[in-house]
Amino acid sequence: MSASDACLTWVDEQFLLAEHVTPWTDLPLWIPEEAMPHMQGMMAVNCQKVIAAGLHFRSLHETISDTLRWHAAHEQRGKLRAGLDIDREQQLLQKWHATQ
């Protein structure tokens, strides 16, 4: 899939909000219920009709592999612009782990 040795860290929403992490922009697809009540349900969709019509879901492994392959083929387009800057991410992770 990738040569990365990254590991997932679940971080509390209250910590992220206290650290002024911007929902959706700094962390794509993150919509905290407390901070953005007007956005709740935005991605809640009943997909039973389309599943009944034949939609199938790919595995996370396949999705990540294809995304990395696509990105490698389009690297000349420049740096990805979504998400936290790596230095900010490291700072937040260090602070989070220090409190646990």
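Protection proxy ranking for 48-60, 23-35, using the average of other Cβ atoms within 10 Å per residue and placing the highest first: 23-35, 48-60.
What does the net charge come to around Glu19 if you take all other residues with beta carbon closer than 12 Å to its beta carbon, with K and R at +1 and D and E at -1?
Values: positive: Arg88, Lys95; negative: Asp12, Glu13, Asp26, Glu89.
Counting the neighbours of Glu19, the net charge comes to -2.
By the Kirkwood approach, averaging reciprocal distances over each pair of separate Cα atoms, the chain gets a hydrodynamic radius of 16.7 Å.
Per 0.36 nm of contour for each residue apart, how much would the distance between Ala52 and Ala6 grow if the chain were fully extended, relative to their Cα-Cα spacing? Intermediate results must be reported in sequence, preceding the final value.
Values: separation 46, 0.36 × 46 = 16.56 nm, distance 3.64 nm.
Working it through step by step, the gained length comes to 12.9 nm.
What number, in percent, do you get for the relative contact order of the chain if the mean sequence gap of Cα pairs under 8 Å and at least 6 apart is divided by its residue count?
Values: 31 pairs, mean separation 41.4, N = 100.
Reported as a whole number, the value is 41 percent.
With both labels modelled 7 Å from their Cα along Cα-to-Cβ, the Ile64 to Gln40 distance reads 3.1 nm.
Across the stretch 7-24, rounded Karplus estimates of 3J(HN,Hα) from the backbone phi angles (6.51 cos²θ - 1.76 cosθ + 1.60, θ = phi - 60°) give 10, 7, 10, 7, 10, 5, 4, 4, 5, 4, 5, 5, 8, 6, 7, 7, x, 6 Hz, Gly and Pro being marked x.
Counting only other residues whose beta carbon sits under 13 Å from that of Glu89, what net charge do I get with K and R as +1, D and E as -1?
Numbers: positive: Arg88, Lys95; negative: Glu19, Asp26, Asp85, Asp87.
Computed value for this residue: -2.
Each reported figure results from applying straightforward, stated rules to the coordinates on display, with no laboratory input. Just so it is clear, the model here is predicted, and its values are computed rather than measured. Note that we place each Cβ from the backbone using ideal geometry, even for glycine, and neighbour counts take in every protein chain shown.
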